[in-house]
Amino acid sequence: MDEIEMQAADEAAVAAGGWALRPLLLAGLGLATGIAAQLILGDSVNYRMEWSALQAASLMGVTLFAAMIGFTIERRLWWASIAFGAVVGVAAGFVTWWNGAPGGWSAGEGWRTMSLLLAVAIAAPLFQAARDEGAPRTPYAAVHDYAWQNVVLWFACWLFVLIVWIMAWLLASLFQLIKIELLHELLMKNWFVRALIGLAFGAALGLLREHDTVVRLLQRVVATVLAVLAPVLAIGLGLFLLALPFTGLQALWDATSATTPLLLSCAVGALILANAVIGNRLDEERRNPLLRYGAMLLAAVILPLAALAAIATGLRVGQYGYTPERLWAIVFVGIAILYGAAYLGSLVLGRLAWTARVRPANLALAFLLCGLGLLLATPLVNFNRISTDDQVGRLESGRIAAAKFDWAALAFDFGKPGRDAVERLRRSRNAAIRGKAEQAAKAESRWDLAGAAETPQRSGPKSGVLDNARVLPEGASAPKGLIDLLADKYQCRQGNLCTIFLANPAEAVVFEDSCYAGMLDEGGKAGRIVTYCGGDRFVLADGAWKDAGDRFVPSAEQRAQIAAGYPAGKVEIRPVARRQVFVGGVPVGEPFE
């Protein structure tokens, strides 16, 4: 089918299935959703951490109910889309409520929401294809087409919202010039912002869905651009894998915290670009040999990339045990391995006709991924509990010392299971574990425990400052009040060496050693610019030491001189003459030379 025939088919589809009222209906639905969000969240500024479980569940349910209607509704069987939206909204709201108030979520529990949204995004094109069939059948071509269409619509609608938002602020600023503040004041109101976003998104969705030829054109443009990029990524990833036997894998394992996300991102990119080349069906495949063989190479590299990510994650888990983030990484790696095995198997068995095998595999994996996403969105699989049991087991078995254990993660990243474990460890028979657990239980934030996993706590609450500090001039003693103040500052915390320079009994400048150590590169020249390097000045005022809030940022030339003089203790105060403008005897502006 050539471009003219495809355009004619699109126009015929619009003529047959167009719905003139849809833009108006979806604009109204978007406006109603914005108003509902306002009623749920209230007029005050409600950030996610302040939402109750009921608010989060209501917002998720209402938003997904409206979104599913907007993306799937047609004049024919319109009631099916409303029913589907209601099922999705109720299910999503229940799952969100089950997860509890967002303020009580641990560091990794946001992935549950992402998992839920992924399940919904996959379910939508499956429903659309089955609705068109009038039976529980999901032809691959229809599912694939609807999936791409929904993605294009999503980004296009948000682009429209951004344009509306910019235009609104532009008009508000224009009217401000003539002292009309109404629009500017409205844009500062939560209820107006939420209603405007809902209205703009709904109107854009309705207009785009009514102009199906525009959406299909956007789909073709996106698919064409991605298909052109497929050989580029394929060659790059192929060269990367070919280079590994010569460079060795040690560099990958030395950066295990970054290796897995990067490898998985490359695998996802390979999956997307390969599908952009093969299209929905045989007659949509790109015939250009460079594109076809590029897609085949991409299909071949997904499994090796996933295998490397699995090894990197396994090494990390073996060294440090389970955490919620690592368990999520294991899930993502497992999914990548499934896709990699399916694509490589299709390639080996089908060879040049591999796409006939990979399309059914894509559909089966979509159903699997939808169900898995919904399962992982619920608390049925509790990564916090698994991580807590593993980490506490490592601690109690002696595999990791109490002084090096990550108490901040247990207390603040593992949710309720982690906090319960801290309370239990406060009654441990091991004195070291009991003491650390006591500190973790009393900490108000993870930052109160910063450095606890690397450096043992000193006896006495303030003595750690002098353990980490060099005092200049030689033989000088830092005042107790300054030491007490620095104990609550970052400059001389445990594990962070510093220099305290006493300019006079009422003034001191504190330097971080780590800053100046990084000012020179390996050749001895001025290295990276560290914007936070300099001196922090503290003064004695009204009988108490205070942070004066002064600091400077050295230039490139100054960094070389500072880096050479700092280790030798060449720190001094010099009087410097400056000029300044005075108006009526009052200094104005900053001094200048």
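The values are calculated or read from the model by the stated rules, or taken from the named source; none is laboratory data. Small disclaimer: the values here were computed from a predicted structure and weren't measured. All Cβ positions, even for glycine, are placed from backbone atoms using ideal geometry, and neighbour counts span all protein chains on display. These area figures cover heavy atoms from the full protein model, side chains too; ligands, DNA and RNA do not enter into them. Shrake-Rupley method; radii C 1.70, N 1.55, O 1.52, S 1.80 Å.
My understanding is that a pair violates if its Cα-Cα distance is over 23 Å; which of K489/K546; K404/K480; K546/K570; K404/K442; K436/K480; K442/K480 do that in this structure? All intermediate terms of the calculation are to be shown ahead of the outcome.
Working: K489/K546 11 Å; K404/K480 30 Å; K546/K570 25 Å; K404/K442 18 Å; K436/K480 27 Å; K442/K480 25 Å.
Long pairs (Cα-Cα over 23 Å): K404/K480; K546/K570; K436/K480; K442/K480.
Expected output is a single nm value to one decimal: the length gained when fully extending between V348 and S52, i.e. 0.36 nm times separation in residues minus the C-alpha distance. What is it?
101.4 nm
Treat each spin label as a single point 7 Å out from the Cα along the C-beta direction, and report the A401 to N504 distance in nm.
The modelled label-to-label distance comes out at 4.6 nm.
In nm, to one decimal, how far is the M114 label point from the L262 one, both placed 7 Å along Cα→Cβ?
Once both label points are built, they end up 1.8 nm from each other.
Using a 10 Å cut-off on Cβ atoms, rank the peptides 416-428, 237-249, 75-87 from the highest mean neighbour count down. Provide the component values of the computation, followed by the final result.
On the way: 416-428: 17.2, 237-249: 11.9, 75-87: 15.2.
Ranked from most to least packed, the peptides come out as 416-428, 75-87, 237-249.
Kindly state, to the nearest 0.05, the FRET efficiency for W191 paired with T247, given R0 = 51 Å and r defined as their beta-carbon distance.
Values: r = 58 Å, r/R0 = 1.13.
Efficiency, from the Cβ-Cβ distance: 0.30.
Mind grabbing the accessible area of F94 for me, 1.4 Å probe, Å², rounded to tens?
Roll a 1.4 Å probe over it and F94 shows about 110 Å².
Per residue of segment 78-91, in order, report the coupling 6.51 cos²θ - 1.76 cosθ + 1.60 (Karplus, θ = phi - 60°) as ³J(HN,Hα) in whole Hz, putting x for Gly and Pro.
Karplus values, whole Hz, x for Gly and Pro: 4, 5, 5, 5, 5, 5, 4, x, 5, 4, 5, x, 5, 4.
Can you compute the FRET efficiency between V90 and R137 using 1/(1 + (r/R0)^6), with r the Cβ-Cβ distance and R0 = 30 Å? Round to the nearest 0.05. The partial results should precede the final answer.
Working: r = 25 Å, r/R0 = 0.84.
Working from the Cβ atoms, E equals 0.75.
By how many nm would the segment from A307 to E474 grow when fully extended, if each residue of separation counts as 0.36 nm and the alpha-carbon distance is taken off?
Values: separation 167, 0.36 × 167 = 60.12 nm, distance 5.71 nm.
Stretched out fully, the A307 to E474 stretch lengthens by 54.4 nm.
What distance in nm separates the simple spin-label points at A577 and K179, each placed 7 Å from Cα in the Cβ direction?
Output for this residue pair reads 5.2 nm.
Roughly speaking, what is the stretch gain from D467 to V222, that is 0.36 nm per residue apart minus the C-alpha to C-alpha distance, in nm to one decimal?
Values: separation 245, 0.36 × 245 = 88.20 nm, distance 5.97 nm.
Contour length minus Cα-Cα distance gives 82.2 nm.
What is the set of long-range amide H partners of E507 at a cut-off below 5 Å, with H atoms built 1.01 Å from backbone N?
HN-HN under 5 Å from E507: L540.
Give me the percent of accessible area attributable to carbon and sulfur for segment 138-245, probe 1.4 angstrom. Don't skip to the answer; put the middle values down first.
On the way: 4850 of 5870 Å².
Taking all protein chains in place, segment 138-245 shows 83 percent carbon and sulfur surface.
Mind listing the phi-derived Karplus ³J(HN,Hα) values for segment 333-350, rounded to whole Hz, using 6.51, -1.76 and 1.60 with θ = phi - 60°, and x for any glycine or proline?
5, x, 5, 4, 5, 4, 5, x, 5, 5, 6, 5, x, 4, 5, 5, 6, x
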